[in-house]
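Computed from the coordinates by the stated procedures, all read-outs in this text should not be read as laboratory data. Fair warning: this is a prediction, and the values are worked out from it, not measured in the lab. As a convention, Cβ positions derive from the backbone with ideal geometry for all residues, glycine included, and neighbour counts pool all protein chains shown.
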Amino acid sequence: MNLMKISSLPLALALVSVAALAQEKPSVAQPAQENPPAAQSAQTSQSASGPKIDHAASYYHFGLAHMYEEMMGMYGRSEYANKAIEEYRLAIAADPSSEYLNAALADLYNRTGRVRDAVLEAQEILKRDPDNLEAHKLLGRIYLRSLSDPQSGGSREVLKLAIEQYEATVRIDPKNPDNYLLLGRLYQLNKDLLKAEGAFKEALKADPGSDEAVINLAYLYNDEGDTKRAQEMLNSLPEASRTTKIYSAMGATYERQKDYKGAIAAYQQALALDKTNLDAMRGLAQNLANDNQLDGALAQYKALQDADPQDPQPAVEMSKLYRRLGKLDLAMESLKKAEPFAQDSLAMEIAYNEALLLEAQGKFDEAASVFQKLLARTTSPDGKYSAGERSNRALFLSRLGNLYRQSGRPLLALDTFRKIVDLGGEEAARGYQEMIDTYRDQKQWPEATRTAQEAVKKLPDDRGLKLTLALQLVDDGKSEEGIQMAKSTLSNDANDRETYVSLSQIYARLKRWKEAEDSVNEAEKLASRPEEKEYVQYFRGALYEREKKYDQAEQAFRQVLQQDPNNSTTLNYLGYMLADHNMHLEEALGMIKRAVELEPQNGAYLDSLGWVYFKLGNYDQAEENLRRAAEKTPNDATIQDHLGELYAKTGKLKLAAMHWERALDEWGKSMAGDVDQQDVSRVQKKLESTKVKLAQQNNSR
């Protein structure tokens, strides 16, 4: 094998043979033509009793080698590197016993990209001196560098070799904390968490004031899910000795605990110590967004953008925030700023967010085209995908299918969702849920039930699918069977929160109000995170509204909005409830307008907006929004009823009668749990009265 030829290859290609080299017993003998004449002369001057050392010649050639190294660094010319290597060889020939010279040559090989030669040289040193610290460090650095090289694939064998070298360094130099830190990170990368913890503790023992050791231990505990222990580790440092890094690690730990206010405070303290710390700025921006402090988050991302205008990520995050605020034009403008600087996965993220904006703007065909391109771009020829790739494809297919649903193309939607099922794995459950929802939208109840049964048969351990089937069974009149299926998912752990929420919905559909409230109470006991409590509180409000306990419902909804003022679902529900009962109409209008700003294509929100305008006597705007709502959700009986009320009020009796007939028809296709019989009776009476008036008008002509 031609060693010189291999050494001239790029690093990533040279590393392919690194793992194999570790198992070989290479010889340092070079081809005769590669040994300079002076080296040959020095080698031939050795006597039988051992090598003859010429210190003067060795120092002379080492000095020249060092000079050429400096010139190489100053001018970046390869010939200086070659001259330095030649002088090191001459120096070694004059003093073959010098491990320092051998280590310096090996290091130079490594720095100039001659990785194979560096490995061979270091291995030869270790054959002669197994405890040579510099040689172990050099090999460790080479293997470590290969792990971060994108073309090396992060080989498990190379990781093992790196660990072996750093295990040797801590054995030889047990008081150096940096070696323990590196070894701990390698153990962590190798999923050997107990050894990683031991290494980080040894680093802390070697340097009790090491914030790096504390931070690494905290992150290790975070990765294990033990955020309490991580927090205790960080808090063990006195405040006076806490650095920006420590406060940033605290922020990350609080974020893992969903304690966003705690994370915000920690990142603010990090920035108080170092206003230019970009990582702390990113952490602060993210947690302000998590805590629904959107204006503050925008300000932080703007500062990040100003600090590094060529970093596209802040612009992407700002776009997401603008979309949450309903400022769609600003959101698109921010995305366009990020596009020129984005590559690979970020470019895909930008395309995905662009599609979401197009969808929010009602440009369904354009949004669908973007998702179709993303799917084409991520298609594997052999149909095989990693877990991450499957997740991405499922996300793209889900959004595309829902676009088809919104634009009135249910068959295309179903075909798209079936492709999610075909992906298999955890994604199949998502595909089934989407298919069931589509059938329910179309009021195709038998198909919804059959799909739910197929899903549970195929994925018997999926809690969500069982709860969906339980609801279908209740709607099919098999109430007790449905309740028992829902209860069968209880496992006496925090995941039971989902089951109790579903049981509450089931009992509410059956008008078993006490059991519904008891189930919500059980769900609330299991809610620990702010978003979980918010979710349960919303369902409590919806339950009270169905029970006609409007004061309690309003209180529950307002508590949700205190935590998340931009919760569009709650804004709409509370605004509609207030408008429907002629209460606080101006406030109701503000809430619903905000919900529509956040989701301008949501048919239910547009219906609420039209209804509150009707209550305020603004009939033109009422008609505009109610008609838009009917276009988006033509099968909604409530929207048809509202149009009937509007046209009756404005004297358009034929239109009123037509929409009331449509409302009764849609209610007739609906499940009993979705229909309030008082509404049905009211509309029937109004329809009959209107028909009488129309007949009288015809007779009077």
message: Starting from the 7 Å offset along Cα-to-Cβ, what nm value, one decimal, do you get for the label separation of M583 and Q559?
response: 1.6
query: Please report, for the Cα atoms of the chain, the Rg to one decimal and the Dmax as a whole number; what are they, in angstrom?
result: 35.1, 136
field: Where labels lie 7 Å past Cα in the beta-carbon direction, separation of L616 and E531 in nm
entry: 3.3
task: Arrange the peptides 419-432, 483-496 so that the one whose residues have, on average, the most other Cβ atoms within 10 Å appears first.
output: 419-432, 483-496
- request: With unit charges on the beta carbon (Lys/Arg positive, Asp/Glu negative), name the residue among A695, M435, V536 whose Cα is farthest towards the positive pole of the charge dipole of the chain.
  value: A695
- prompt: Once the dipole of region 634-701 is set up with Lys and Arg at +1 and Asp and Glu at -1 on Cβ about the Cα centre, which of L664, Q677, N635 lies farthest towards its positive end?
  reply: L664
- request: Before anything else, pin down the relative contact order of region 189-293: Cα pairs under 8 Å, at least 6 apart, normalised by residue count, whole percent.
  value: 19
field: Under 22 Å from the Cα of K548 - lysines, other chains or at least 8 residues apart
entry: K511, K514, K615
- prompt: What pairs in K593/K632; K191/K384; K593/K652; K336/K419; K258/K525 have C-alpha atoms more than 20 Å from each other?
  reply: K191/K384; K593/K652; K336/K419
- line: Of region 168-186, those with amide N under 16 Å from the point 7 Å along the Cα→Cβ vector of K201 are 180-181, 184-185
Chain lengthening between Q444 and R111 when straightened (0.36 nm per residue, less Cα-Cα): 113.0 nm
message: Explain nothing, just the number: dipole magnitude of the chain about its Cα centre with +1 on each Lys and Arg Cβ and -1 on each Asp and Glu Cβ, in debye rounded to the nearest 20.
response: 1780
statement: Taking R0 as 25 Å and r as the Cβ-Cβ distance between L133 and S241, the FRET efficiency 1/(1 + (r/R0)^6), rounded to the nearest 0.05, comes to 0.25
- line: Taking alpha-carbon centroids only, region 265-319 lies from region 232-263 a number of Å equal to 17
message: What do you get for trypsin sites (Lys or Arg not before Pro) in region 315-389 restricted to DSSP loop and a cutoff of at most 14 other Cβ within 10 Å of the site's Cβ?
response: K384
- line: Computed from the beta carbon distance with a Förster radius of 30 Å, FRET efficiency for M71 and L189 to the nearest 0.05 stands at 0.20
query: How do 566-576, 666-676, 202-212, 71-81 rank on mean C-beta neighbours within 10 Å, highest first?
result: 566-576, 202-212, 666-676, 71-81
Whole-number Å³ per residue for the convex hull built on Cα positions in region 634-701: 72
task: Report the calculated FRET efficiency for D279 and D226 (r = Cβ-Cβ distance, R0 = 25 Å), to the nearest 0.05.
output: 0.65
query: Taking a spot 7 Å from the Cα of N492 along the direction of its beta carbon, which residues of region 509-540 have an amide N less than 17 Å from it?
result: 526
message: Using only the alpha-carbon atoms, how far is helix 550-563 inclined from the longest principal axis of the chain? Give it as 0 to 90 degrees, nearest 10.
response: 20
query: For the Cα atoms of the chain, what angle does the longest principal axis make with the long axis of helix 193-206, in degrees from 0 to 90, nearest 10?
result: 60
task: Compute the acute angle (0 to 90°) between the alpha-carbon long axis of helix 244-256 and the principal axis of greatest extent of the alpha-carbon atoms of the chain; round to the nearest 10°.
output: 40
